[in-house]
Amino acid sequence: MTIQASLSAVEVGGDQSAIARSSCGGAIQFHVSTANLGPSSISFPMAAPSSYLLLGSSSQIDTSSFEHFDDFTLASSWERFISEIEAVCRQWLADGTKNLLRKGAISLNIAEGLYKVKTDLKYAMKSYCMEYYFGTHNDVGRGKVNDWSCELHNLQLSFGVNEFLVIAPQSASGVVLDGPEASKLLSAVAIALSNCSGLWPAFVPVHDPSRKAYIGIQNMGILFTRRFEADRIGSQVPVRLMHLGGLYELFVSKFDQGGTAWYTLRLGVNLKMKLTYRTLPYGEDDDVRELEGGLTESGESPKSNHQNRTQWDDNCPWSEWYSAEDPLRGFELLTIWPEKAIESSSEMEELENVSPLEAEKWLISPCLSEMLSDGSGGKRIGFASQLLLLIDALHMSLDAKFVEDFVSVEHSGPENLKSTAVIPPPTVLDRVLKDLFHEVEVLQLDFAEGYHENSRNIKGAPLESLFGQFCLHALWFGDCSIRAIAAFWIEFVREVRWCWEESQPLPRMPVTGVIDLSTCLINQKLHMLSICIDKKCQLNQEGPHAEEDFFDSSSQDGDTQASFVECDSLSTPDRPKDPASHISRFIHSDAVKLSDPKDSTCIRRGSSGVVGSMMLLKSCQNMHAPFTQDPPLMTEDMHEERLQAIEALGESFKFSAQLEKDILSSDMSAFRAANPDAVFEDFIRWHSPRDWETDDSMEKSTNDWPPRGKLSERMSERANSWRKIWNEAPPLPASEQKPLLDPNQEGEKALHYLETLRPYELLGQMVSTAFKAAADTLNRTSFGENSLSVSTEDIEDLKRLCTIFAHVENLITFAASLHQKFLQAPRLSESIFNDYYNFYLPKMGTTSIGGDEKKDFDKKQEVKRQEREVVASMFTPPTVNQSWRKVLSMGNLLNGHEPTLREIIFSKRDHLSENYYASHAPRGYQQELETYRMYISGTSNDLSVALAVASCD
């Protein structure tokens, strides 16, 4: 049986103490708490009182009202408040760091491992919150870590402590406005910590919240007590305290020197100092006009309006489309001075005149704009924002049948287009079309150079191509609505048709080459149309060499045409400047029946020149390479149509041979015209050398003719299709053959495709091309050695792709801005970017880490000695008409800039055997103690002071 008892008070050493009682296993424990004694515990067993036994059995009495009864009626509320604080502190001490972390301690700073736990308390009808701050790195405040760590808690930096308690009222202000209440709170915490042998410093916020004032106390063991006090002057700082000498005098005036004036003594004071400088905000220079990037009021592309501005990104590749906000607002420079012993205020005055270049360490960090600091990009105008609008247009185009429906008055469309989705005026449209078609510089259309490794897999048009530029213009045309895009496309196709009908070269498109099937179909059709226009112009030309100019003699085409038999490529000599016609005799062959050589001689036609030292087998004459026709060009849809037709005929196993039959027949006819005495074996030796097997086992002789060799096994078969085609091919030069490509027919087909393209097909190709072109534009940015790679494996849809693209765009603009500002210090540019990239990476969705994602980027990068002049030059001297300039009141100027923040730590250490503390210390007790510490932070208009004094009470 457990019996609860209560006592009103216990006299210990003449002092009445607060008593907390608890029962456990038939014993009563008295925890005696005094202000001057450590915790003590008294425990003894108790017997059941006889009065209880005289009351009878338990069946006759209701005992529920007696069980678990604590009688605190005689204890004061303040004593119970102390008991609650003591219980909580004992629990935190017992749990330790690991258990507190497992119980859900709140992380404040992962880098320094700072956490906190809290509990709610009540006293005198008021609610309080007590917080315990602790770290996984327990070296803070013990001289083992950098005092200037940017990630320290304010109280850690101000008083040099590690773990600490803060008790504050749960009110709107969060501070104690009443002086006696603050003292009583601090006393309660001090008594509770003394009872549980806790050495944590405790703080109470006082006064007005804007003053950031605290009072605190710490029990440092059996000898010393440390008291804390911090306050702030928000305005009208005394002139003397604006200078280092005055701050030194403020600190030493706190010393207790037994009545001796401090200014008559030479005191050993240690000084640490950190000065903070900030560059002028970028974009606020009087010579730079602020212009917002994005669309103009008329809705036209900003490309035509960018020449008259001066912006930070004028040399960046995206500047012809929009002006990006500078992601850097400036830089913050920290100059840290080593610890130094100061003996007089005159030394402080000398230090005030020392240049910041003499500081021990420089640390620099970027000041980010809101665009980057909020992590989302805000309302930033850029490629990503416009691509998102283009995707909305794609979604609206899914149900429409014709592009004209979006601009027709009769067809408003089921999409219920917003009234804001207006079409730009004709003048704007004319300027954009003029830029696309009529103001094109002579370009070296090597589209491969514009490709980026990550954009090659996107099936879109190249950046500098006509359709690629159309898509970029469409992003900024009007509001990138489906109506604006439809009107733009209709006029674009009309302009393309005008080029076709007038036989004008199609700008931004090559007139030769093979159609790249890895691009979008619209780009393939425009390429086909450009080639057809060129071919049509060549057919209309007059002159003796028109035919030769129309055909290409490159044997690489022959190699391509014969690729289906896996022939080796054969390079032919350059075309002779003045090729002569040769007359040779026809010679009969077992394989080919020629006309009787006695009747006539044949003229060699369509020759581009001699093929090296090769000779014809039957006539011993030089072999000539013929002019050949270009292979017929086909776009992706033409390949698919031809494949479907062949499969429908059931001859899919002969697909390759059927596709190349016309080309092979044309080449054979041209070869026979250029080499009238040639036989089938000669053509194989020229066109497919791999199918001519030379007998190398026998000794070669100069008089051995014809050369020993034979056709390959597959070419020697009786039913070989090549020999059949050879027998049927007439000897006609390429100029007299039927063209493999009909430019008029293919050109009209290409135009028909563009004019009848369905809206969702157009928008789908525009989206892929716009992504590709925007990515290639950004990848042309020069930002030094900074590396940036983004994986697209996990991208699920276009909306998420736009989000990723926006992040990449932010990083590229950030890297470009850094590169421009650190041209003479590329190491700093690369280091700052790498730090920010690692910080920014979790926001991109490519990885996930714990912690607070809303944390601001505050990583510092050390500036080396040889880089200090470069950084110092960024602090341009202020001009007289800048509104932010103030009257200089502080020293240590950097190019005319006073520090925006000055932080100083004064400290005084004493050995216990050398001062009055020794009388209270045990014999042989030798320890250096920081008896005075003052942290000063502020400027000429703002001053915060935190004082810590250790004394023997």
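Does the range 758-769 contain any residue that is of a type in the set (S, T, N, Q), under 30 Å from ILE490 (Cα atoms), surrounded by fewer than 17 Cβ atoms within 10 Å (Cβ to Cβ) and at pLDDT 90 or above? Break it down into steps so the answer makes sense when it comes.
Taking the range 758-769 as the starting set, the residues that turn out to be of a type in the set (S, T, N, Q) are 765, 768-769.
In the following step, the residues that additionally are under 30 Å from ILE490 (Cα atoms) were identified as 765, 768-769.
If we keep only those that are surrounded by fewer than 17 Cβ atoms within 10 Å (Cβ to Cβ) too, we end up with none.
Taking every residue of the range 758-769 in turn, none turns out to be of a type in the set (S, T, N, Q), under 30 Å from ILE490 (Cα atoms), surrounded by fewer than 17 Cβ atoms within 10 Å (Cβ to Cβ) and at pLDDT 90 or above.
Residues that are open to solvent by 30 Å² or more (accessible area, probe 1.4 Å) and assigned to a strand (DSSP E or B) within the range 936-946 comprise SER944, VAL945, listed in sequence order. Note on the range 715-755: residues that are assigned to a loop (DSSP other than H, G, I, E, B), farther than 18 Å from ASP630 by Cα and without any contact (Cβ under 8 Å) to a residue 60 or more places away in the chain amount to 6. Considering LEU475, LEU463, the condition of being part of a loop (DSSP other than H, G, I, E, B) and in contact (Cβ under 8 Å) with a residue 40 or more places away in the chain is satisfied by LEU463 alone. Only one of the numbered conditions (1) out of contact with any strand residue (DSSP E or B) (no Cβ under 8 Å at 6 or more places or on another chain); (2) at pLDDT 85 or above; (3) surrounded by fewer than 17 Cβ atoms within 10 Å (Cβ to Cβ) is violated by GLY382, and that is (3).
Looking at PHE437, PHE467, which one is of a type in the set (A, V, I, L, M, F, W, C), within 26 Å of TYR753 (Cα to Cα), at pLDDT 95 or above and in contact with a helix residue (DSSP H, G or I) (Cβ under 7 Å, 6 or more places away or on another chain)?
Details: PHE437 fails: at pLDDT 95 or above.
Every option except PHE467 fails the conditions.
Candidates in the range 890-923 are the residues that are among the small types (Gly, Ala, Ser) and open to solvent by 30 Å² or more (accessible area, probe 1.4 Å); of these, the one that is modelled with the highest pLDDT is GLY896. Of all residues in the range 855-869, those that are in a loop (DSSP other than H, G, I, E, B) have Cβ atoms under 9 Å from Cβ atoms of residues that are open to solvent by 80 Å² or more (accessible area, probe 1.4 Å), 6 or more apart or on another chain, in LYS855/ILE110; LYS859/ASN838.
Of the residues SER183, SER194, SER173, which single one is farther than 25 Å from ARG933 by Cα and either at pLDDT 90 or above or in the same structural domain as ARG227 (by the TED database) (or both)? Talk me through it step by step, then tell me what you get.
Details: SER183 fails: farther than 25 Å from ARG933 by Cα; SER194 fails: farther than 25 Å from ARG933 by Cα.
Of SER183, SER194, SER173, the one residue that is farther than 25 Å from ARG933 by Cα and either at pLDDT 90 or above or in the same structural domain as ARG227 (by the TED database) (or both) is SER173.
Give the residues of the range 233-259 that are surrounded by 18 or more Cβ atoms within 10 Å (Cβ to Cβ) and within 17 Å of ARG909 (Cβ to Cβ), sorted by residue number. Answer for the range 233-259, where residues must be surrounded by 18 or more Cβ atoms within 10 Å (Cβ to Cβ) and within 17 Å of ARG909 (Cβ to Cβ): TYR248, PHE251, VAL252.
Of all residues in the range 490-511, which are open to solvent by 50 Å² or more (accessible area, probe 1.4 Å) and either in contact (Cβ under 8 Å) with a residue 24 or more places away in the chain or acidic (Asp, Glu) (or both)? Give the derivation first.
Step one: list which residues in the range 490-511 are open to solvent by 50 Å² or more (accessible area, probe 1.4 Å), which gives 491, 494, 497-498, 501-502, 504-505, 511.
Once the filter is applied, which keeps residues that are open to solvent by 50 Å² or more (accessible area, probe 1.4 Å) and either in contact (Cβ under 8 Å) with a residue 24 or more places away in the chain or acidic (Asp, Glu) (or both), the range 490-511 yields GLU491, ARG497, GLU501, GLU502, GLN504, PRO505.
Quickly run through the range 200-232 and pick out the residues that are open to solvent by less than 60 Å² (accessible area, probe 1.4 Å) and of a type in the set (A, V, I, L, M, F, W, C). Correct list: TRP200, ALA202, PHE203, VAL204, VAL206, ALA213, ILE215, ILE217, LEU223, PHE224, PHE228, ALA230. Residues in the range 176-192 that are open to solvent by 20 Å² or more (accessible area, probe 1.4 Å), among the β-branched types (Val, Ile, Thr) and outside any helix (DSSP H, G or I): there are none.
The values are calculated or read from the model by the stated rules, or taken from the named source; none is laboratory data. These figures come from a predicted structure and were not determined experimentally. Cβ: placed from backbone, ideal geometry, glycine included. Neighbour counts: every protein chain shown. Areas reflect the complete protein model, heavy atoms only, side chains present, ligands, DNA and RNA absent. Shrake-Rupley method; radii C 1.70, N 1.55, O 1.52, S 1.80 Å.
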